[in-house]
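Have a look at the structure below, then the notes.
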């Protein structure tokens with residue numbers, strides 16, 4: 001799914017995506033292109049180049065626990081960005097660096113017992129710290145307390161989105177020892193899906 005399609009779905013009909021796309025293309029232009037060396041094996045959240053050809057930046061798309069979202073907000077402040085929204089608030093906007101030309105686009109909303117975050121930036125200092133950020137989404141039984149993983153076959157709807165977008169990237173970033181800490185039924189679910 002294209003980034004702007006995802007944003008449109010989560011921002012709703014009120015969003016003026018043409019205007020926002022133009023603004024983001026101007027902010028994340030080739031003139032401020034970051035150069036970042038990404039490690040082969042990353043911790044969660046995974047940093048990737050943006051998937052939009054007109055946006056020159058890197059992104060994370062993740063689900064964070066409330067505690068890890070507070071850590072992310074602190075990291076943003078420490079690197080010169082002032083988050084404009086509280087941890088549990090829906091927010092979508094551009095954060096400007098207090099001393100330089102770099103930016104962060106942050107979109108967040110509460111769901112799955114945590115905070116869903118889409119962030120992209122051209123700030124090298126922030127991106128380098130995000131590479132080692134190591135966060136975790138809420139446990140599956142917190143995101144889906146009513147779900148018995150032993151009864152799940154093929155996934156659809158919210159649980160499919162959660163699994164594909166948030167859980168699988170997290171699970172694949174874990175070591176075998178870290179994976180073994182999960183209950184057997186959720187471990188089996190994670191290996192199967």
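The values are calculated or read from the model by the stated rules, or taken from the named source; none is laboratory data. Here the structure is a predicted model, which means the values were calculated and not measured. Glycine gets a Cβ as well: all are built from the backbone with ideal geometry, and neighbour counts include every protein chain shown.
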All positions within the range 171-193 that are surrounded by 12 or more Cβ atoms within 10 Å (Cβ to Cβ) and not in a helix (DSSP H, G or I): 174, 182, 183, 193
Failed condition for residue 128, given (1) in contact (Cβ under 8 Å) with a residue 60 or more places away in the chain; (2) crowded, with 19+ Cβ neighbours inside 10 Å; (3) in a helix (DSSP H, G or I): (2)
Filter result (at pLDDT below 90 and buried (at least 20 other Cβ atoms within 10 Å of the Cβ)) within the range 28-57: 28, 55
The one condition in (1) in contact (Cβ under 8 Å) with a residue 24 or more places away in the chain; (2) touching a strand residue (DSSP E or B) at 6+ places or on another chain (Cβ under 8 Å); (3) on the phi < 0 side of the Ramachandran plot that residue 91 fails to fulfil: (1)
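Here is a yes/no grid of residues against (1) modelled with pLDDT under 90; (2) surrounded by 20 or more Cβ atoms within 10 Å (Cβ to Cβ); (3) assigned to a strand (DSSP E or B); (4) not assigned by TED's automatic domain parsing to the domain that holds residue 167:
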| residue | (1), (2), (3), (4) |
| --- | --- |
| 59 | no, yes, yes, yes |
| 63 | no, yes, yes, yes |
| 70 | no, no, no, yes |
| 77 | no, no, no, yes |
| 84 | yes, no, no, yes |
| 89 | yes, no, no, yes |
| 101 | yes, no, no, yes |
| 105 | no, yes, yes, yes |
| 108 | no, yes, yes, yes |
Residue within the range 158-170 that is in a loop (DSSP other than H, G, I, E, B) and either touching a residue at least 12 places away in the same chain (Cβ under 8 Å) or not assigned by TED's automatic domain parsing to the domain that holds residue 63 (or both) present: no
